[in-house]
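The values are calculated or read from the model by the stated rules, or taken from the named source; none is laboratory data. All values derive from a computational prediction rather than experimental measurement. We place every Cβ from the backbone using ideal geometry, glycine too, and count neighbours over all the protein chains shown.
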Amino acid sequence: MRVPAASIVFNDDDIAEALSLIESSLRSGQLTLGKHGQAFEESFAQRCGRAHAVAVSSGTSAIEIVLRACGIESGEVIVPDNTFFATAAAVVHAGARPVFADTDRDTLAVDVDDVLSRITPQTKAVVVVHIGGIVSPELPRLATECAARGIQLICDAAHAHGATLDGKDASNWGIASTYSFYPTKVMTSGEGGMIVTDDERIADEARVYRDQGKAGFTSNFHTRLGANWRLSEVHAAIGLVQLKRLNEFIERRRQIAAVYDDLLPRETNLTAVPCQRLDSSNFYKYVAYLPAGVDRAALKATMRERFEVGMSGEVYEFPLHAQPVFEPFVSGSYPVSDDVCARQVCLPVSARMTTDDARYVVESLARTISGG
Ligand SMILES: Cc1ncc(COP(=O)(O)O)c(C=O)c1O
């Protein structure tokens, strides 16, 4: 593949540093909840500008832990219809009922007015997702509306490492934000997740939940229905090394996005999602809408087979209301989700790409669309 859809970057220095951290864990025998995990937490909290960070096994467990730490183990939780399975699955695993809200075309995030229209006396929380690394300019309004009604706001920031809104880190809103370090993300630890919060009680509860609900590391006294949601020292070591590169990764992704912003409207009939901004998105994804009537599967196949450009993965191809597993939770219609999920494509972005690669992607798209 000349330009893969995504790729992970570990240079020789980073590999050497990760190996040396892992070696120190192997030699000390401290393989979980040790000094690498602590260092990863401290550095991540600092990067986000938050008081606390708690490292966990995945972005999915991070969401469930925050819900449980907020006491949300029943009732309704409003989640985006346009998100990954895990956002809603975590709500179900915590014991609550997900209620899907329709999508805002300009940000791919939840439509705030649709969220407000779905609030009932059973609503305990709203979970938002910064899709593709865009923090919605509507988020502060949603935060105010939730606070006025005593409803918790939780941010699933699995896409949003280092993304901002009005100069504030994505983790600035809500009781807590949750991150994923799955290998497709802007930075990775192999597997892993992080909870960041300014709320000391939530951080303390999260530490209890992640370690089988134990009151203390060495005790055998279980006060919460936790699970094994710990992050190993090996994963923490990889995460620490990647975190040092986060700013570089975002900078390079923005350079790629700048080329797309410049060339797409001039050379193709694709329209970039409007709120993807060079000064705030981390460009986990670069999302554009195809004009009505273009066959997305055929376009992607030509891009792959003729031009060797990977365009795998939308955010998302199927909204949650169309996922068979969530059928019991569907109510009402989701016209914007249906449209944005059907018409979007994600252009390749990675910290390994060059601006020449980005130009080649647009040129290939233009030729694919024109049939030339
Ligand atoms: C929006 C969103 N939420 C949650 C998750 C779950 O993260 P993980 O795979 O680390 O459990 C992901 C990604 O994989 C995601 O994209």
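In the list Arg68, Arg27, which residue meets the criterion of being in a helix (DSSP H, G or I) and farther than 18 Å from Asp204 by Cβ?
Details: Arg68 fails: farther than 18 Å from Asp204 by Cβ.
From the options Arg68, Arg27, the qualifying one is Arg27.
Here is a yes/no grid of residues against (1) within 16 Å of the ligand (Cβ to nearest atom); (2) at pLDDT below 95:
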position: Thr188; (1), (2): yes, no
position: Thr197; (1), (2): no, no
position: Asp204; (1), (2): no, no
position: Val208; (1), (2): no, no
position: Gly216; (1), (2): no, yes
position: Asn220; (1), (2): no, yes
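In the range 173-225, what count of residues is obtained for those that are among the β-branched types (Val, Ile, Thr) and either without any contact (Cβ under 8 Å) to a residue 60 or more places away in the chain or not assigned by TED's automatic domain parsing to the domain that holds Glu145 (or both)? Spell out how you get there, then give the answer.
Taking the range 173-225 as the starting set, the residues that turn out to be among the β-branched types (Val, Ile, Thr) are 175, 178, 184, 186, 188, 195-197, 202, 208, 218, 223.
From the residues that got through so far, the ones that are either without any contact (Cβ under 8 Å) to a residue 60 or more places away in the chain or not assigned by TED's automatic domain parsing to the domain that holds Glu145 (or both) too are 208, 218, 223.
Residues in the range 173-225 being among the β-branched types (Val, Ile, Thr) and either without any contact (Cβ under 8 Å) to a residue 60 or more places away in the chain or not assigned by TED's automatic domain parsing to the domain that holds Glu145 (or both): 3 in total.
Any chance you could count how many residues in the range 85-113 are crowded, with 20+ Cβ neighbours inside 10 Å and out of contact with any Leu (no Cβ under 6 Å at 6 or more places or on another chain)?
The total comes to 16.
Identify all residues within the range 129-150 that are of a type in the set (Gly, Ala, Ser), away from the ligand (no atom under 13 Å from the Cβ) and either within 21 Å of the chain's Cα centre (by Cα) or not assigned by TED's automatic domain parsing to the domain that holds Tyr179 (or both); write none if there are none.
In the first step, residues of the range 129-150 are kept if they are of a type in the set (Gly, Ala, Ser); the result is 132-133, 136, 143, 147-148, 150.
Cutting the leftovers down to away from the ligand (no atom under 13 Å from the Cβ) gives us 136, 143, 147-148, 150.
Hits for the range 129-150 are Ser136, Ala143.
Do the conditions hold for Ala94, that is, is it touching a helix residue (DSSP H, G or I) at 6+ places or on another chain (Cβ under 6 Å) and at pLDDT 95 or above?
Values: touching a helix residue (DSSP H, G or I) at 6+ places or on another chain (Cβ under 6 Å): yes; at pLDDT 95 or above: yes.
Against the criterion (touching a helix residue (DSSP H, G or I) at 6+ places or on another chain (Cβ under 6 Å) and at pLDDT 95 or above), Ala94 qualifies.
Those residues that are touching a Lys or Arg at 6+ places or on another chain (Cβ under 8 Å) and within 16 Å of the ligand (Cβ to nearest atom), I need them from the range 69-93; list them, please.
Val77, Ile78, Val91
Give the residue that is nearest to Gly59 (Cα to Cα), with candidates limited to residues of the range 200-223 that are surrounded by 18 or more Cβ atoms within 10 Å (Cβ to Cβ) and charged (D, E, K, R). Lay out the reasoning, then the answer.
Step one: of the range 200-223, the residues surrounded by 18 or more Cβ atoms within 10 Å (Cβ to Cβ) are 202-203, 205-211, 214.
With the extra rule that they be charged (D, E, K, R), the set shrinks to 205, 207, 210-211, 214.
Values: Glu205: 17, Arg207: 15, Arg210: 12, Asp211: 16, Lys214: 21 Å.
Step by step, filter the range 200-223, then rank; the result is Arg210.
Given the criteria touching a residue at least 40 places away in the same chain (Cβ under 8 Å), of a type in the set (A, V, I, L, M) and in contact with a helix residue (DSSP H, G or I) (Cβ under 6 Å, 6 or more places away or on another chain), does Ala170 qualify?
Numbers: touching a residue at least 40 places away in the same chain (Cβ under 8 Å): yes; of a type in the set (A, V, I, L, M): yes; in contact with a helix residue (DSSP H, G or I) (Cβ under 6 Å, 6 or more places away or on another chain): no.
Judged against the criteria, Ala170 is not a match.
If the requirement is being within 16 Å of the ligand (Cβ to nearest atom) and either aromatic (Phe, Trp, Tyr) or touching a helix residue (DSSP H, G or I) at 6+ places or on another chain (Cβ under 6 Å) (or both), which of these qualifies: Ala101, Ala18, Ala62?
Values: Ala18 fails: within 16 Å of the ligand (Cβ to nearest atom); Ala62 fails: either aromatic (Phe, Trp, Tyr) or touching a helix residue (DSSP H, G or I) at 6+ places or on another chain (Cβ under 6 Å) (or both).
Criteria check complete, one pass: Ala101.
Look through the range 154-186, keep the residues that are within 10 Å of the ligand (Cβ to nearest atom) and charged (D, E, K, R), and return whichever of them is farthest from Ile238 (Cα to Cα).
Once the filter is applied, the top-ranked residue is Asp156.
Assess whether Ile22 counts as being crowded, with 17+ Cβ neighbours inside 10 Å, modelled with pLDDT of 95 or more and outside any helix (DSSP H, G or I).
Values: crowded, with 17+ Cβ neighbours inside 10 Å: yes; modelled with pLDDT of 95 or more: yes; outside any helix (DSSP H, G or I): no.
No; evaluated as a whole, the condition is false for this residue.
For the range 304-328, enumerate the residues that are within 17 Å of Cys346 (Cβ to Cβ) and of a type in the set (Asp, Glu).
Glu308, Glu314, Glu317
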